[in-house]
1. Give me the net charge of ALA130's neighbourhood, meaning all other residues with Cβ under 10 Å from the Cβ of ALA130; Lys, Arg count +1, Asp, Glu -1.
2. Once phi is turned into ³J(HN,Hα) by the Karplus curve 6.51 cos²θ - 1.76 cosθ + 1.60 with θ = phi - 60°, what whole-Hz value does each residue of region 128-135 show in order, with x for glycine and proline?
3. Which lysines have a Cα less than 18 Å from the Cα of LYS99, not counting those fewer than 8 places away in the same chain?
4. Quick one: which residues, 5+ away or cross-chain, put their amide H under 5 Å from the amide H of ILE74? H built at 1.01 Å from N.
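Bear in mind these aren't lab numbers, they're just calculated from the coordinates by the rules spelled out. In this text, all values refer to a predicted model and were calculated from it rather than measured experimentally. Positions of Cβ are backbone-derived with ideal geometry, glycine not excepted, and every protein chain shown enters the neighbour counts.
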Amino acid sequence: MVSSSRSSDKIPAEKVPDYDRESEVKSFDDTKLGVKGLVDAGLTKIPWMFIEERQTTGMITWGSMESPESVPVIDFKDMDKDAAVRTEIIKKVGEACEKWGFFQVVNHGIPESVLNGIIDGIRRFHEQDAETKKE
């Protein structure tokens, strides 16, 4: 696995020897351990598959020169009461999916106790030993 520190290092893209992103991603997926598995294994450098490559004069650079944006927050309030509101929400969801791939929903009507239960279940899953998670 080729890795690099996430510092101001700049490595010419054409000098990354024999890097095969597809194989690295497949190998990562096959472990079924996720990022926590990498951390538990003592990972000290960010794997290349997690680094967004931005070409600038033939170099790989990290970070963005653009100003940061916020994750879209979509309010579901009154979605079930007004067709025009529903249409606008659907439009916003589509735009968020196209631009970001994800978004945050507020006023969705799911009780906080249910959300907390989901988070607890996810936490319990990820705290299991690696062999149990592979089952």
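1. Net charge in that neighbourhood comes out at +1.
2. 5, 5, 4, 5, 5, 5, 6, 5
3. LYS91
4. Sorted by chain and number, the residues that satisfy this are GLN104, VAL105, VAL106.
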